[in-house]
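To keep things clear, I will list the structure first and then write my remarks on it.
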Amino acid sequence: MTNYRYIALNKAGNLVRGSLEADSEHALYTALKGRDLFLQEAGTESKVFKRSSKVRQVDLIEFSHQMAFVVQSGIPFVQGLSDIQRSLKEPAFKSILEAVIHDLTAGDSLSQSLARHPQIFLPGYVAVIQAGETSGNMAASFRNMGRFLEWVLNLKRQISQALIYPIIVLIILSVAMILFVTLVIPQLSKFILELNRPIPLPTKILIWFNQFIQSWWPLLLVILAIVIVSAIIAMRFERVRYLWDQYKLKVPMLGDVFRDLACVRFVNYLKILYSAGIQIHQSFAILRDVVGNRFFRDKVDQMRGLVLGGESLSESMEKVGGFPPLLERSIQVGEKTGALDSTLEQLGGFLDAQIEANIKKLTSLLGPVLIIVIGLYIIFIIITVLWPIYQIIGEIG
């Protein structure tokens, strides 16, 4: 499928611009004709353009809450979507909603119309809206999806904020080290060697390292490029990605964060699907794609087979292993008491708090670690640069 940018005429004779995936330009013409649009111009959309026109998650969150209000107020879908579309500033999202409005006018349901744009409305999103259509509770479905997307966005921001400070410090240290090795060390080496004085061992090692870098830097760059390309190619294999996701769970401290992230995604999305009236065994196809870790995705697939075989959710979770015992026990209690919905909500809140605590713990540890790294860097400069200069000045004096 190729993504095309098109310009077409509608029945009123107005130009309509948008993008659509199709197998060929002829298929694009046929698809637009089915929407009462007549193709005028078309061109393939480059990856750079496609990435820049991607709908922001903030817009999707706002759309979800606005649709909850539209449904709750009893406003017809076409009118409500038209009002939302006119208020949007993002051309990509405006174009998608225009196509959704056209499909609704043609007689499709809202979930069918949204499903035609999987790059924006993921299968899990569509499944929840479809369940809301069946149960007659679409307002709650849109509201729950909006809250879930808000949670995902806030979690991403929280992690990003925790990483900004150490990343900036590491970048500054790396730049300082590069300047030190490329500018300071050559001048220092030349100065010390011209004096024909004894050189301390740390300085000798530093000078040798600098000379090695200057002599072999093309080969080192080639080796680095080979390593990077090999890693990129290796990550294309599903088995390598699985092993990498499994390894991340074993990293001290970080492994707990990765595990809790997978579990809280599982719990929160299961809560939304269950609240929307989707059966547990029907939820696994969606849950496997939202956990964000291939090791847990494999566990979800195993659980699906056990549940279809007659096992309960808690029993299947216990048999496949890998999940925290608290998660297994809580879901077991929720199933026995018939309060799985509230149990999942409580679990989601608990795991959220646990993730936040672990992130704060990591952030608090990063401060002292960075101070130690900076201290070691200063000691390194003193031993390799200031010490020989001080010795030489002392001998001359």
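The values are calculated or read from the model by the stated rules, or taken from the named source; none is laboratory data. Values in this document were obtained by computation on a predicted structure and should not be read as measured data. All Cβ positions, even for glycine, are placed from backbone atoms using ideal geometry, and neighbour counts span all protein chains on display.
Assorted remarks:
- Per the listing Gln302, Gln279, the residue uniquely of a type outside the set (Lys, Arg) and closer than 23 Å to Leu261 by Cβ is Gln302.
- Qualifying residue in region 187-197 (condition: more than 17 Å from Ile389 (Cα to Cα) and of a type in the set (Val, Ile, Thr)): no
- Checked against (1) in contact (Cβ under 8 Å) with a residue 12 or more places away in the chain; (2) β-branched (Val, Ile, Thr); (3) closer than 21 Å to Ala140 by Cα, Ile75 passes all but a single condition, namely (1).
- Hits in region 153-184 (condition: of a type in the set (Gly, Ala, Ser) and under 23 Å from Arg265 (Cβ atoms)): Ser160, Ala162
- If you check Asp352, Asp298 for being in contact (Cβ under 8 Å) with a residue 12 or more places away in the chain and farther than 29 Å from Ile164 by Cβ, only one passes: Asp298.
- Filter result (within 35 Å of the chain's Cα centre (by Cα), within 22 Å of Ile379 (Cβ to Cβ) and loosely packed, with under 12 Cβ neighbours inside 10 Å) within region 169-219: Ile171, Ile172, Ser174, Val175, Ile178, Leu179
- Qualifying residue in region 57-74 (condition: out of contact with any Leu (no Cβ under 7 Å at 6 or more places or on another chain), among the hydrophobic types (A, V, I, L, M, F, W, C), not in a helix (DSSP H, G or I) and not assigned by TED's automatic domain parsing to the domain that holds Gln279): no
- Exclusive hit being over 27 Å from Leu370 (Cα atoms), in contact with a helix residue (DSSP H, G or I) (Cβ under 9 Å, 6 or more places away or on another chain), part of a helix (DSSP H, G or I) and modelled with pLDDT under 80, set Phe191, Phe148, Phe209: Phe191
- If the condition is being of a type in the set (D, E, K, R) and not in a helix (DSSP H, G or I), then region 212-251 contributes Arg236, Lys250.
- Among the residues of region 252-288, just one is without any contact (Cβ under 8 Å) to a residue 24 or more places away in the chain and charged (D, E, K, R), namely Arg288.
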